[in-house]
C-alpha cells in the first residue's frame, strides 16, 4: 500500500493507493472519494465491548473498511477537524496512546482499543478516563487540530505540555498531572491551570492549536439570545 498526505496544512487529506485485495480502515465518515473497485463497509473492529470503549474515549462506535476488491484503487480520506495528518509506523514493540479524535486511519495490521486511566489522570489530563490505545504492526494515520509537532526527549529529559495540545505518546512513557505555576492562583490566572509533565526517553506529538481555546474565542462572535 502506498500513501501520501495531500493539501498539507490546515486542510490535509490522506491519499491511499491500494493493490487488489488490500484494505485500509478509517474512522466513520472519513471517506472523501474512492475508486469503483473499492468495497466500503462498516465494522465494529473487535466487537461490541470494544465499540463501547471507543465511545467512552470520545471516538465513534463504528469504523469504515475500504477494500480494493476488484482491482487497484485510490482512496481519499479526511478528518473531521481542520488540521494536519501524519503517518506513524508501528512495529509491534509498543502501543501508542492517542487523544480522542486523533485516529484517522490504519492499515490491516493496526489494532484500536481503549485504555482506562487512573482517577487523577482521568479527571485532570483533559483526555478523560478512557483514551485510545493503538497497537499491532503497520501504519497508523493521526489527525490533529492544527499542525502536528514532535517533541523528542532523551533519557531523563522532561517537558511540560498543556493537556489540550496533546496528540499522541508511546505507552511506555508515563506522565503526571501538576499545576502550571507554583501556586493555584497563578496557575488559573495564567490560563493554563493543570499541565502534563512527560519524562523521556520517547517522542510526544502535540498539536499547534487548542480546540477549547478556539471555542472560547469564537463564542464572542455568537450573539447572545
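Side notes on the structure shown:
- Selection count where residues are part of a loop (DSSP other than H, G, I, E, B) and out of contact with any strand residue (DSSP E or B) (no Cβ under 6 Å at 6 or more places or on another chain), scope the range 10-47: 8
- Failed item in (1) modelled with pLDDT of 90 or more; (2) more than 14 Å from residue 103 (Cα to Cα), with residue 27 passing the rest: (2)
- Answer residue from the range 65-86, given it is surrounded by fewer than 20 Cβ atoms within 10 Å (Cβ to Cβ) and farther than 19 Å from residue 131 by Cα and is modelled with the lowest pLDDT among those: 82
- Of the strands (runs of 3 or more DSSP E) lying entirely inside the range 174-215, those containing at least 1 residues that are at pLDDT below 85 are 175-179, 194-199.
- A Cβ distance below 9 Å, combined with a sequence gap of six or more or placement on separate chains, defines the contacts here; from the range 202-214, residues that are at positive phi and buried (at least 17 other Cβ atoms within 10 Å of the Cβ) reach residues that are modelled with pLDDT of 90 or more and assigned to a strand (DSSP E or B) in the pairs 202/152; 202/153; 202/169; 202/170.
- Among the residues making up the range 102-112, those that are closer than 30 Å to residue 176 by Cβ and surrounded by 22 or more Cβ atoms within 10 Å (Cβ to Cβ) are 102, 103, 104, 106, 110, 112.
- Condition met for residue 58 (at pLDDT below 95 and surrounded by fewer than 14 Cβ atoms within 10 Å (Cβ to Cβ)): no
Let's see how each residue does on (1) in a helix (DSSP H, G or I); (2) surrounded by fewer than 17 Cβ atoms within 10 Å (Cβ to Cβ); (3) modelled with pLDDT of 90 or more:
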{"residue": "114", "(1), (2), (3)": "no, no, no"}
{"residue": "120", "(1), (2), (3)": "yes, yes, no"}
{"residue": "123", "(1), (2), (3)": "yes, yes, no"}
{"residue": "126", "(1), (2), (3)": "no, no, no"}
{"residue": "142", "(1), (2), (3)": "no, no, yes"}
{"residue": "152", "(1), (2), (3)": "no, yes, yes"}
{"residue": "156", "(1), (2), (3)": "no, yes, yes"}
{"residue": "159", "(1), (2), (3)": "no, yes, yes"}
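The values are calculated or read from the model by the stated rules, or taken from the named source; none is laboratory data. Because the structure is a prediction, the values reported are computed rather than measured. A quick note on method: Cβ atoms are made from the backbone with ideal geometry, for glycine too, and the neighbour counts reach across all protein chains shown.
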